[in-house]
1. So what is the 222 nm mean residue ellipticity for the chain from helices alone, if each DSSP H run of at least 4 adds -39500 (n - 2.57) and you divide by all residues, rounding to the nearest 500 deg cm²/dmol?
2. Any idea what the relative contact order of the chain is, in percent, if you count C-alpha pairs under 8 Å spaced at least 6 apart?
3. For M23 and L43, compute 0.36 nm times the residue count separating them, minus their Cα-Cα distance, and round to one decimal in nm.
4. Label 7 Å along Cα→Cβ of Y52; segment 1-35 residues with amide nitrogen under 17 Å?
5. Which of L15, L68, L3 comes first, and how do the rest follow, when ranked by fewest Cβ neighbours within 10 Å?
Amino acid sequence: MGLIRFLMFAAAAILAYVIYKRMIVGPIQARRERNEEERLGRLVQDPNCGVYVDSADAVRRKVAGGELFFCSKACAKTYLEQHG
């Protein structure tokens, strides 16, 4: 009889743990991963000097139908002078 109670308690504990992981920990981890992806998704590389800069702070220039991002106006000017 004692072994059956122990096994039932162990099964209940495992079930509680699985529910906890899926309902509490899972959404928190997903949110952290999404925030990290959003933060890293904003970084763009300056084609002139190679520096990474947040796209919201970058100097933008339209070149050949596309948009390039630069860390400064000086880098944008240098790049456009070299690559016309």
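Read the figures in this text as sums done on the coordinates, not as results from a lab. Quick caveat: nothing in here was measured; it's all calculated off a predicted structure. FYI the Cβ positions are ideal-geometry reconstructions off the backbone, even for glycines, and counts take in every protein chain you see.
1. -18000 deg cm²/dmol
2. Over the chain, the number comes to 18 percent.
3. Residue separation times 0.36 nm, minus the Cα-Cα distance, leaves 4.0 nm.
4. Counting backbone N atoms under 17 Å from the label point, the list is 33-35.
5. L3, L15, L68
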